[in-house]
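Comments concern the structure below.
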């Protein structure tokens, strides 16, 4: 073997050793997917936009609840997150304690757990349940805040939660695009009825249908004699669909710049649109994360659930229906 060949061979061996040494660490640091390399465990985080959820591979030191539960708590309480992810728990919120009741893991938080708003808390709740129910021996998760069982926005105890409790809240991975058809509810010129408008949208499959529908609603109508119901420049902060309820959280422009329309036209424009998009039973509308806001000149309280309203939907004119069919 020549000296040159011997040098090439030695260099190749050194490169291989270095690669095998550093590759596992690099792969773990960059992996963001639904499962770890063995297809076993994941930790759930917020995505970069903080409107959906994303998972990162997780390899426990030991595969039992005595080791995995405190290990996961430490990771979720920490501030370090994988690339493209954000901390699951709201700022200044940490899991204070945990315990088992049969196959139910009880996670205890302080009173600040509820201060981030309903939509944000729903994402955190979903990620906690999805993460911890992977642990062997943990069938469900129960959350307590300030020593009291977690409740929904109307004070009803949520009880023990499993992954089946939650609708798909948009776990992101490769984010392919696809087409979806939505029915949006605008109003007529006089603001006396809701007018359905069907629209096909090309969007990321990771984005929840409710968000796509409401963003299209906020963009305004595209059909003749249809008029907007949401003020221009209104921002949809978060939207989540869980347990048959769709929560839509707008910024304050939604009420401070409300259009000159009856309250029920605006509110059921939103409610009917998200219910049609998701199949939810009802909708709740928030402003800056609050349900205690009042809307419009009529001071309609938002502390209520809005169900499907058929009575406000106007008939489609014969000419328009024929044009749509053609």
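The values are calculated or read from the model by the stated rules, or taken from the named source; none is laboratory data. Remember, predicted model here, so these are calculated numbers, not experimental data. Here Cβ is always computed from backbone atoms with ideal geometry, including for glycine, and neighbour counts include all displayed protein chains.
Suppose the filter is within 21 Å of the chain's Cα centre (by Cα), crowded, with 16+ Cβ neighbours inside 10 Å and without any contact (Cβ under 8 Å) to a residue 40 or more places away in the chain; does residue 89 pass it?
Judged against the criteria, residue 89 is a match.
Residues 234, 238: which one is assigned to a loop (DSSP other than H, G, I, E, B), closer than 24 Å to residue 266 by Cβ, touching a helix residue (DSSP H, G or I) at 6+ places or on another chain (Cβ under 8 Å) and at pLDDT below 95?
Every option except 234 fails the conditions.
Of the residues 49, 33, which single one is in a loop (DSSP other than H, G, I, E, B), at pLDDT below 95, touching a strand residue (DSSP E or B) at 6+ places or on another chain (Cβ under 9 Å) and under 24 Å from residue 137 (Cα atoms)?
Testing whether each residue is in a loop (DSSP other than H, G, I, E, B), at pLDDT below 95, touching a strand residue (DSSP E or B) at 6+ places or on another chain (Cβ under 9 Å) and under 24 Å from residue 137 (Cα atoms) leaves just 33.
Out of (1) under 21 Å from the mean Cα position of the chain (by Cα); (2) at pLDDT 80 or above; (3) buried (at least 16 other Cβ atoms within 10 Å of the Cβ), the odd one out for residue 84 is which?
(3)
Restricted to segment 217-227, and to residues that are touching a strand residue (DSSP E or B) at 6+ places or on another chain (Cβ under 6 Å) and free of Cβ contacts under 8 Å to residues at least 60 places away in the same chain, which residue is surrounded by the most Cβ atoms within 10 Å (Cβ to Cβ)?
This residue is 217.
Please enumerate the residues belonging to segment 276-291 that are on the phi < 0 side of the Ramachandran plot, at pLDDT 90 or above and either in a strand (DSSP E or B) or surrounded by fewer than 24 Cβ atoms within 10 Å (Cβ to Cβ) (or both).
Correct list: 276, 278, 280, 281, 282, 283, 284, 285, 286, 287.
Of all residues in segment 192-216, count the ones that are within 19 Å of residue 256 (Cα to Cα) and crowded, with 18+ Cβ neighbours inside 10 Å.
The total comes to 1.
Residue 115 is checked against (1) closer than 17 Å to residue 162 by Cα; (2) part of a helix (DSSP H, G or I); (3) out of contact with any helix residue (DSSP H, G or I) (no Cβ under 8 Å at 6 or more places or on another chain) and fails just one. What number does that condition carry?
Single failed check for residue 115: (1).
If you check residue 310 against the conditions, is it out of contact with any helix residue (DSSP H, G or I) (no Cβ under 8 Å at 6 or more places or on another chain), at pLDDT below 85 and either more than 21 Å from residue 220 (Cβ to Cβ) or in the same structural domain as residue 209 (by TED's automatic domain parsing) (or both)?
Spelling it out, it is not the case that residue 310 is out of contact with any helix residue (DSSP H, G or I) (no Cβ under 8 Å at 6 or more places or on another chain), at pLDDT below 85 and either more than 21 Å from residue 220 (Cβ to Cβ) or in the same structural domain as residue 209 (by TED's automatic domain parsing) (or both).
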